[in-house]
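Presented below is the structure to which this report refers.
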Amino acid sequence: MDVSDSVLDHLRQVTALPDLTGTRYELESEIGRGGMGVVYAARDRELDRRVALKVLEVPITGEAQLIACLEHPGIVPIFETGTLADGRSFYAMKLVSGARLDHYVADNHTLSERLRVIRRVGEALAYAHSQGVIHRDLKPQNIMVGEFGEVYVMDWGVDAVAGTDGFRAPESTLDRLSDVYALGALLKFLVSTSVSPAVTAIAEKATSADRRERYGSVAGFLADLDRFEQGLAVEAWSEPVWHRLQRFASRNAVLLWLLAAYTLVKFLLFFLRRF
Amino acid sequence: MDADTAIGGPSGRFPSTRVSLIQAAGSGLSDAAMDQVIALYWKPVYRFVRLKFQKSNEDAKDLTQGFFTSALQRNFFTRFDPAKASFRTYVRMAVERYAANQHAAENRQKRGGAVEFESVEDREIATESPELEFDREWRRQLFSLALDDLRAHCQQSGKQVQFAIFEDYDLTDGDRLSYSDLAAKYGMPESTVNNHLAWARRTLRAFIRERLRSTTSGARELHEEMRRVWM
């Protein structure tokens, strides 16, 4: 059968739409595309609420089923999984409103705010690893910052996803350490304007091409980030003496000022007594 | 440039010699599998050769036929490694290499003998790159073959009305009838028209999947190619 250009375009359009026959959802619009599938905004007729519907070519089995069971404030909750009449699989998820991290970062946020986002992402990742799930495709486009500052990690990977250039670890088989690499790349992406050598060192350690040089877990990465925020020495960087003194002075500024004042007073009293 | 070949149109998708060609070649693939490959790829290869190497209709047909014959004789399709590329990319790169070699050989002959100048008007102005045209033609063939499957399925299972409604609404180039017009034409409620269209599209998608399944190496490549059909 001959198919003209216009008929081909029309057929591709109508056959791309998910067939929601027999489900409780009504299609509204497409809201995004990822390596795994297409996400649509839809209305849940039974509960009268809007949801995000992720439609996948791959069946939901194995690890994907685990993903559906993840419960964490940093992971978008999944309400339902199933198979559509056209054979495709779907997740119905909470519809999150906010900005994708690559858009969010364009605004002028402080270093501390950027590190807060990284920490939230790391916490979600550490939880998922504890449940035996790895992300496989962590990147700014898969992170959403809600209007009240909540951070969601989305698009949890299945085997078909092979990561994204710039965030993908060089190894051929992806595992937890590959997620650590992506988290480091994300830190680089978020704090590229930062002048802190300690943060740069943390990001460099996490994204080391040699897996043995990376943090052994997301928890190790987060602990080093905490040390930086508390003004302590970080594991990733053997700092020079002058920097250590500078950091000590910065952490103990009040004490040092008091000590200086005390010394000055003692000094003055010493001379006053002599004259 | 002269018109495209009618091969791939309603009268047939590939040369009538195909079965004997496949059998003679002993390619290692079953006749049915090879049928599927040639049905899907003959026209994309032909269009790619025409655009990339600026061949006339007859020359492009000869090159395409030559490519498939050579591929079958050399067991080319059985050497495909899914770890390196999709089958679609493998075919496109192979035909590019084959046609470039043939093209260079022709040019060497011309340099040794009478030189033929090709008229500028004869050249087709490509609006898309040959690679994009190859992919587009691949999608067109895929839908075209799946539509044939759908029509045959409707005829065999007594669903001619469903196909007629689908044809009226989804396969028309001009203005589409509305759902209410279709409901009046076929004497049924609009909701039934809606259901018939949903069924036909769903079934068409299933036939596309089946066609792809027979020309891909496994689940992973199948899912990736399904994604590419609609990207």
Value of relative contact order over chain A, rounded to a whole percent, pairs C-alpha under 8 Å and six or more apart: 12 percent
With DNA, RNA and ligands ignored, accessible area of residue B:226 (1.4 Å probe; Å², nearest 10): 0 Å²
Members of B:52/B:84; A:188/B:84; B:55/B:84; A:94/A:139 lying beyond 28 Å, as alpha-carbon distances in this model show: A:188/B:84; B:55/B:84
Accessible carbon and sulfur surface of the protein assembly as shown relative to its total accessible area, %, 1.4 Å: 53 percent
GluC sites (Glu not before Pro) restricted to DSSP loop in segment A:14-106 with at most 16 other C-beta within 10 Å: A:46, A:71
Solvent-accessible heavy-atom area per residue, rounded to whole Å², over the protein assembly as shown at 1.4 Å: 51 Å²
Accessible area, probe 1.4 Å, largest first, for residues A:211, B:205: A:211, B:205
For segment A:4-10, 3J(HN,Hα) per residue [Karplus equation, 6.51 cos²θ - 1.76 cosθ + 1.60, θ = phi - 60°, Hz, x = Gly/Pro]: 6, 4, 5, 5, 4, 4, 5
Solvent exposure ordering (accessible area, 1.4 Å, most first) of A:105, A:153: A:105, A:153
Computed FRET value (nearest 0.05) for residue A:209 with residue B:89, which takes r as the C-beta separation and R₀ as 22 Å: 0.20
Relative contact order computed over segment B:123-231 (Cα-Cα under 8 Å; 6+ residues apart), in percent: 28 percent
For residue A:54, net neighbour charge (Lys/Arg +1, Asp/Glu -1) across residues whose Cβ lies under 13 Å away: -1
Reciprocal mean inverse distance between Cα atoms of the protein assembly as shown - Kirkwood radius, Å: 27.7 Å
Sum of side-chain charges, residue A:152 neighbourhood, beta-carbon under 11 Å (Lys, Arg +1; Asp, Glu -1): +1
Order of exposure, largest accessible area first, which applies to A:273, A:214, A:43, B:213 with probe 1.4 Å: A:273, B:213, A:43, A:214
Accessible area (Å², 1.4 Å probe, nearest 10) - residue A:6: 60 Å²
Interface residues in segment A:120-160 - accessible area drops by 10 Å² or more relative to the isolated chain, probe 1.4 Å: A:159, A:160
Check: the protein assembly as shown dipole with +1 on Lys, Arg Cβ and -1 on Asp, Glu Cβ, in debye: 2020 debye
Gaussian network model of chain A, Cα within-10 Å springs - most flexible of A:206, A:185, A:42: A:42
For residue A:79, distant residues with modelled amide H under 5 Å away: A:92, A:93, A:94
Sum of side-chain charges, residue A:4 neighbourhood, beta-carbon under 11 Å (Lys, Arg +1; Asp, Glu -1): -3
Label point distance in nm, residue A:79-residue A:48, each placed 7 Å from Cα along Cα→Cβ: 1.4 nm
Listed residues A:175, A:155, A:165, most fluctuating in chain A (Gaussian network, C-alpha, under 10 Å): A:165
Length added when fully stretched, residue A:256-residue A:274, from 0.36 nm per residue minus Cα-Cα: 3.8 nm
Integer Hz, Karplus 6.51/-1.76/1.60 couplings in order for segment A:120-134, x for Gly and Pro: 4, 5, x, 5, 5, 5, 4, 4, 4, 4, 5, 9, x, 10, 10
Given charges at beta-carbon only (K, R positive; D, E negative), |dipole| of chain A in Debye: 1960 debye
Buried accessible area, chains A and B (both chains, 1.4 Å probe, Å² to nearest 100): 2700 Å²
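The values are calculated or read from the model by the stated rules, or taken from the named source; none is laboratory data. Bear in mind that the values here come from a model prediction, so they are computed numbers and not experimental data. Methodologically, a virtual Cβ is constructed for each residue, glycine included, from the backbone with ideal geometry; neighbour enumeration extends over all protein chains shown. Heavy atoms of the whole protein, side chains included, go into the accessibility calculation; ligands, DNA and RNA do not. Shrake-Rupley method; radii C 1.70, N 1.55, O 1.52, S 1.80 Å.
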